[in-house]
Amino acid sequence: MKIEKIILENFRAFQDKQEISFNNFTTFIGKNDQGKSSVLEALDIFINDGKGAVKIEADDLNVTAKNNGIDEFRIGIVFTDITEQVTIDSTNPTNLKEEYLLNKDGKLEVWKTYKNGKLKQTSIKCNHPANDEDLKNLLRKK
């Protein structure tokens with residue numbers, strides 16, 4: 001897999017939702033204290049669950065967001081060049097597309113939400129055929 005972009009939401013200097021795309025060769029150039037290191041540290045936090053070189057802290061929440069009553073930040077990563085086949089167990093090969101685990105662009109999009117310096121939840125943003133006949137009234141079925 002390859003990281004196509006990282007999406008930061010209320011993380012440090014990145015208020016609201018900010019997307020940073022990656023290509024085969026990406027460099028960060030800018031003045032001091034503009035968020036270059038924060039992007040790389042967000043990758044470290046996401047990949048290593050805060051147990052890598054960078055630890056998750058309550059102060060990672062954007063100050064303006066905190067003042068507006070928001071108490072969590074999110075880091076999302078969009079992956080491309082995904083492995084075609086995944087084996088759930090030794091007898092069930094499948095792929096992420098057939099399992100409806102890809103976003104509307106056909107890419108894997110994983111989000112992690114952090115609150116009070118701790119991982120709150122991990123989720124996948126996916127595009128599921130909600131109008132499918134098999135899914136109607138799904139919540140009413142036993």
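The values are calculated or read from the model by the stated rules, or taken from the named source; none is laboratory data. Remember, it's a predicted structure, so these values are computed and weren't measured experimentally. Here the Cβ positions follow ideal geometry from the backbone for every residue, glycine too, while neighbour counts run over all protein chains shown.
For region 104-120, name all the residues that are of a type outside the set (Asp, Glu) and within 12 Å of Gly76 (Cα to Cα). Please lay out each step first, then the result.
Of all residues in region 104-120, those of a type outside the set (Asp, Glu) come to 104, 106-108, 110-120.
Those that are of a type outside the set (Asp, Glu) and within 12 Å of Gly76 (Cα to Cα): Leu108, Val110, Trp111, Lys112, Thr113, Tyr114.
Out of Thr26, Thr91, one residue alone is surrounded by fewer than 12 Cβ atoms within 10 Å (Cβ to Cβ), in contact with a strand residue (DSSP E or B) (Cβ under 9 Å, 6 or more places away or on another chain) and not in a helix (DSSP H, G or I). It is Thr26. In summary, Ala53 fulfils each of the numbered conditions (1) within 17 Å of the chain's Cα centre (by Cα); (2) assigned to a loop (DSSP other than H, G, I, E, B); (3) not aromatic (Phe, Trp, Tyr) with the single exception of condition (1).
Tell me, please, whether a residue that is basic (Lys, Arg), under 17 Å from the mean Cα position of the chain (by Cα), at pLDDT 90 or above and not in a loop (DSSP other than H, G, I, E, B) can be found in region 31-47. No, that holds for no residue.
Out of region 12-23, which residues are outside any loop (DSSP other than H, G, I, E, B) and either of a type in the set (A, V, I, L, M, F, W, C) or surrounded by 15 or more Cβ atoms within 10 Å (Cβ to Cβ) (or both)? Talk me through it step by step, then tell me what you get.
First, pick out the residues of region 12-23 that are outside any loop (DSSP other than H, G, I, E, B): 14-21.
The answer is Phe14, Gln15, Gln18, Ile20.
Scanning region 57-79 for residues that are surrounded by 12 or more Cβ atoms within 10 Å (Cβ to Cβ) and either of a type in the set (Asp, Glu) or at pLDDT below 95 (or both) turns up Glu57, Ala58, Asp60, Asp71, Glu72.
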